[in-house]
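J.: Okay, here's the structure, questions in a sec.
The values are calculated or read from the model by the stated rules, or taken from the named source; none is laboratory data. Please read all numbers here as calculations on a predicted model, not as lab measurements. Note that we place each Cβ from the backbone using ideal geometry, even for glycine, and neighbour counts take in every protein chain shown.
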């Protein structure tokens, strides 16, 4: 099956434009359009022209055009789309969770996410997003407040976890705090002990 370079370029861009913002365009998902070699060459050309962004190995993103110009897709949408496409759990880092829960005023300087997949970096225009492989317990309850609390406490560490938990007990909803207590069997001993002490102390 031969497709001219021009036709292949048009079909790749057409495919990318139909995807929601931040959805990765993976070379493997385009094999119905042409050979892998032809796809790789065309994708590289599109990156050089600025029509696609190379987010990582074999992963490309369509820049977003707005009346203010062209920008990279939003980090949150790109991470969410990558998670759905790859079947990985991807959650904000413990530092980001601690900041969101009011346990620290220190806002993370870099975009770091924890993932069930391998550790790697994703480029979104000028911004680099770091994906770090994390143990399963740190990825628990991905979209819930209790899960954010687990990640925040993991980042805070054993020395200050108790005072952070005392603060969380007052700020988390009763349902979220109960979910955190129910998750103790999954947690490392130091954290499970700490949660038990605050919950039943």
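J.: Could you grab me the full set of residues in the stretch 51-95 that are under 10 Å from the mean Cα position of the chain (by Cα) and part of a strand (DSSP E or B)?
T.: The answer is 90, 91, 92.
J.: Residues in the stretch 1-29 that are part of a helix (DSSP H, G or I) and either touching a strand residue (DSSP E or B) at 6+ places or on another chain (Cβ under 9 Å) or closer than 24 Å to residue 71 by Cβ (or both): how many?
T.: 10
J.: Quick one: in the stretch 130-142, which of the residues that are outside any helix (DSSP H, G or I) and in contact (Cβ under 8 Å) with a residue 12 or more places away in the chain is surrounded by the fewest Cβ atoms within 10 Å (Cβ to Cβ)?
T.: 133
J.: Restricting to helices (runs of 4 or more DSSP H) lying wholly in the stretch 144-200: which have 3 or more residues that are touching a residue at least 60 places away in the same chain (Cβ under 8 Å) and either more than 25 Å from the chain's Cα centre (by Cα) or closer than 19 Å to residue 98 by Cβ (or both)?
T.: Those helices (runs of 4 or more DSSP H) span 145-156, 161-171.
J.: Which ones in the stretch 95-124 are surrounded by fewer than 15 Cβ atoms within 10 Å (Cβ to Cβ), at pLDDT below 90 and in contact with a strand residue (DSSP E or B) (Cβ under 9 Å, 6 or more places away or on another chain)?
T.: Hit for the stretch 95-124 is 110, nothing else.
A quick yes/no check of all residues on (1) modelled with pLDDT under 95; (2) crowded, with 20+ Cβ neighbours inside 10 Å; (3) not assigned by TED's automatic domain parsing to the domain that holds residue 112:
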residue	(1), (2), (3)
146	no, yes, yes
149	no, yes, yes
153	no, yes, yes
162	yes, no, yes
171	yes, no, yes
179	no, no, yes
186	yes, no, yes
190	no, no, yes
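J.: All but one of (1) closer than 24 Å to residue 145 by Cβ; (2) at pLDDT below 90; (3) in contact with a helix residue (DSSP H, G or I) (Cβ under 9 Å, 6 or more places away or on another chain) hold for residue 84; which doesn't?
T.: Condition not satisfied by residue 84: (3).
J.: Within the stretch 98-123, take every residue that is over 16 Å from the mean Cα position of the chain (by Cα) and either assigned to a loop (DSSP other than H, G, I, E, B) or in the same structural domain as residue 56 (by TED's automatic domain parsing) (or both) and give me the one that is nearest to residue 60 (Cα to Cα).
T.: If we take residues in the stretch 98-123 being over 16 Å from the mean Cα position of the chain (by Cα) and either assigned to a loop (DSSP other than H, G, I, E, B) or in the same structural domain as residue 56 (by TED's automatic domain parsing) (or both), then 107 is nearest to residue 60 (Cα to Cα).
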